[in-house]
Amino acid sequence: MNRPFLRGISILALTMLSLSVNADSAEDFQTRCTEAWMKHAEEAKDKVDFKNFGEKYCSCAAKQPLDNEAAFQKAAKLCMSRTLLHDAMDSIEDDIGLSKAKDSDVADYCQDRWDLVLPKPTDEDKKLITAYCECAKPKLVELLKKSNDMTDKQYYSEIDDVADTCADSAVASKPSSAS
């Protein structure tokens, strides 16, 4: 398992743990989480997109149970995966349109979101990111085919399901093994 990548997820989880101790509310937590996220923005190519992504990630994390370190690890993994796929699918909808998107678009946008979050991946990171996007691509392509017959709530829930499944893939599994 890739230690630098997993260490990054663990750092985010531990940052969330320290924030929750000092946060009086979910809103306070989200603000502190976003501020902590932005401390990693120096390598980001697009700081506005990086901040928007961080705000979405922290919003997700603020809604998760954060009782102990294991819960923080789970929230970090789950929210990273969900935010990545929601952000990718939102971009596809805005840039191409869901009905016009192809499987290559899904793969490209998934990769693009990872490039935003991890702008200087190692070779091992690249393999894990490819595995993650390959996990998500067929499921999201299938979702695109039926998205016109779904409510927004159903559509977003399906993205969450794909994200949760792929979070357990090679990229995001076993974050506690990082040291």
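Between Ile96 and Lys153, what FRET efficiency follows from the Cβ-Cβ distance if R0 is 25 Å, with the result rounded to 0.05?
0.65
Using the Cα atoms of the range 44-179 to build a convex hull, what is its mean projected area in square nanometres?
Spelled out: convex hull of the Cα atoms, projected over all directions, averaged, 8.3 nm².
Work out how much length Glu69 to Asp168 would gain on full extension: take 0.36 nm times their residue separation and subtract the Cα-Cα distance, in nm to one decimal.
This chain segment gains 33.9 nm when fully extended.
Considering only the other residues whose Cβ falls under 12 Å of the Cβ of Asp160, what net charge follows from Lys and Arg at +1 and Asp and Glu at -1?
In short, +1.
Report the semi-axes of the equivalent ellipsoid for the range 63-119 in whole Å, largest first, where each axis is √(5λ) for an eigenvalue λ of the Cα gyration tensor.
Its equivalent ellipsoid spans semi-axes of 28, 12, 8 Å.
What does the charge count near Met80 come to, summing +1 for each Lys or Arg and -1 for each Asp or Glu among other residues with Cβ under 12 Å from its Cβ?
Value of the local net charge: +3.
If you filter the range 57-161 for trypsin sites (Lys or Arg not before Pro), then keep DSSP loop positions with at most 13 other Cβ within 10 Å, what is left?
Listed in order of number, the matching sites are Lys63, Lys100, Lys102.
Which net charge results when you count Lys and Arg as +1 and Asp and Glu as -1 among the other residues whose beta-carbon is under 14 Å from that of Asp149?
0
A short reminder: the numbers here are calculations on the coordinates, not readings from a lab. All figures in this text were calculated on a predicted structure; none of them were measured in a lab. Neighbour counts are summed over all protein chains in view; Cβ atoms, including those assigned to glycine, are modelled from backbone coordinates with ideal geometry.
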